[in-house]
């Protein structure tokens, strides 16, 4: 899907408010196909809300978002935006995988069932085919042996790796990671990051909200620093982490490093 | 202790200690009193001829009584089923973003929980006084179905309406709490995978809500077994009314009430055991 200059995700003038609070105040962002964009920033800066706007889990209050060249949530005609019906949005969401801080695996299903549920119910993939693909995915995250376990029987790191496999089973064009390692014990972070690194190497377009600066430096193609609902600085990860231009970036980095 | 001091207690510290448990004389006294009272009560029940135990034995497996018991069980099952189906609809309406739907559901629950089930039963039984015919059709259009209310409202349909509609109000609250107990992250994860609202409810939210819903619904079933006895006031021959019919004829009031009680005890005991295992199953995982 590397068709010229069109970015996989394009965001223009994105605004979002909860009540009277502006969470996002005019975000512009391009994520090139096959690239890894890392987003850092203090908590409450709007990073997670930004991710939720990309797959329309949050309705946007202004601006536009395109995924794969397609406007998210609306159809534009004669200078007006028409809200799309639920099933159109659901179809768009199939192309955008999401991994959550709290994993959000379905606790009443085994690891395998978690992965095959959406392909079977949403994409109508035949059961046997879905199972085979799920086992391959579990194998790629190193958990094939635990396919019959329930989420409660898995460690946090294992749950998150199942959650990544679950998102990948829908064959998304882009993967959103919302602080995927923040809820993990330190010794479990490495396994999840290794899976994400392998995924980045395979050419997946990824947007990663994270506190793992080492990951951003090593894997990220671009880095964005957000504060108070706006993008403060963007650039190449190594350069930005090494020599931040903005004082606010500098201050944030000095606190987390 | 590394420094044996002069204040150390006498005796060899390595020798096994003899522990004298604290005595609880009042526990013993209370037990004795309770046993005495229980024994006296049992003796009195067994020897008082007014209980007429032979009559109890005679009617315990009487065909009429067993038919009444069957009717009680049927009513329990049917009213609970009504309660679950209507209750689920009410719960979904109550949680809907549509203000009209949630308000209507709230009003239903408020009304049917506030008016005693006994009053509701009598009300339904006398529905004919309110509307003499029941008609189903398109407003100002053709009539699809029309019947005299007295033909539609039999003791059975009045009983089902009275018990089922009231039960729906209680069940709706239980189901609502169950659905609300499922974390929002579950819905978000399902949405992110491209699932539609119906699939999300059926496959993700409802199965998880069931764990919260099942134990209280078990309690409601047990209550319903006993509530069916209210139906005796509208002359439906369930267990209690059957017993009443018999003692109205034979004047053996107490023994027949005992027969009914024994059956209620048996059914509720079985359900309690069943519920115990059900709860244990749902607590796992």
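No value in this document is a laboratory result; all are computed from the given coordinates. Just so we're clear, the structure is a prediction, and the values are computed from it rather than from any experiment. Every residue, glycine among them, receives a Cβ derived from its backbone with ideal geometry; neighbour counts consider all protein chains shown.
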If you average the C-alpha positions of region A:195-257 and of region A:1-65 separately, how far apart do those two centres end up, in angstrom?
15
How would you order A:67-74, B:95-102, B:68-75 from highest to lowest mean count of nearby Cβ atoms within 10 Å?
B:68-75, A:67-74, B:95-102
Given contacts defined as C-alpha pairs under 8 Å and at least six residues apart, what's the relative contact order of chain B, whole-number percent?
25
Cα axis of helix B:63-95 to longest principal axis of chain B: angle in degrees, 0 to 90, nearest 10?
80
Considering the Cα positions of region A:87-214, please state its Rg to one decimal place and its Dmax as a whole number of Å.
13.7, 41
Averaged over A:118-127, how many beta carbons belonging to a partner chain fall within 10 Å of each residue's beta carbon?
3
Taking chain A and dividing mean pair separation by its residue count, relative contact order in percent (alpha carbons under 8 Å, at least six apart):
26
Over the Cα atoms of chain A the radius of gyration and the largest Cα-Cα distance (Dmax), both in Å, equal 18.3, 55
Within 10 Å of each Cβ in A:104-116, the average number of Cβ atoms from other chains:
3
Listed peptides B:193-199, A:113-119 by packing density, highest first (mean Cβ within 10 Å):
A:113-119, B:193-199
Just tell me how shielded B:193-206 is by partners: mean number of partner chain Cβ atoms within 10 Å of each residue's Cβ, no decimals.
5
Antiparallel bridges, percent of DSSP beta bridges restricted to chain A (to nearest 5)
60
I need B:282, B:247 ordered by Cβ neighbour count within 10 Å, fewest first.
B:282, B:247
Using Cβ contacts closer than 10 Å as the measure, can you line up B:45, A:192, A:125 from fewest to most?
B:45, A:125, A:192
Would you mind pulling out the separation of the Cα centroids of region B:106-156 and region A:139-190, in Å?
55
Using 17 Å as the cut-off for backbone N distance, which residues of region A:221-257 belong to the label zone defined by a point 7 Å from the Cα of residue A:214 along Cα→Cβ?
A:238, A:241-242, A:256-257
Where Rh is the Kirkwood radius over the Cα pairs of region A:162-234, the temperature 25 °C and the viscosity 0.890 mPa s, what D in µm²/s does Stokes-Einstein return?
185
Report, to the nearest 10°, how far helix B:206-227 tilts away from the longest principal axis of the Cα atoms in chain B, using its own Cα long axis and a range of 0 to 90°.
80
Between region B:50-92 and region B:217-232, the Cα center-to-center distance that results, in Å
8
If each DSSP helix of 4+ residues adds -39,500 (n - 2.57) and the sum is divided by the residues in chain B, what number results at 222 nm, nearest 500 deg cm²/dmol?
-23000 deg cm²/dmol
Express the relative contact order of region A:119-257 as a whole percentage, based on alpha carbon pairs under 8 Å and six or more residues apart in sequence.
15
Specify whether the C-alpha gyration tensor of region A:1-85 places it in the rounded, prolate or oblate class, a ≥ b ≥ c being the square roots of the eigenvalues: rounded for a/c under 1.5, otherwise prolate if a/b is larger than b/c and oblate if not.
oblate
Quick one: angle between helix B:99-114 and the longest Cα principal axis of chain B, in degrees between 0 and 90, rounded to 10, please.
70
Shape call, the protein assembly as shown: gyration tensor on alpha carbons, a/c limit 1.5:
oblate
Could you sort A:170-182, B:159-171, B:32-44 so that the peptide with the highest average Cβ count within 10 Å comes first and the rest follow in order?
B:159-171, A:170-182, B:32-44
Ranked list, fewest to most other Cβ atoms within 10 Å of each Cβ, for A:33, B:261, B:31
B:31, B:261, A:33
Would chain B count as rounded, prolate or oblate if I go by the C-alpha gyration tensor, calling it rounded below 1.5 in a/c and otherwise prolate when a/b exceeds b/c, oblate otherwise?
oblate
For the protein assembly as shown, percent of DSSP beta bridges that are antiparallel (nearest 5) comes out at 65
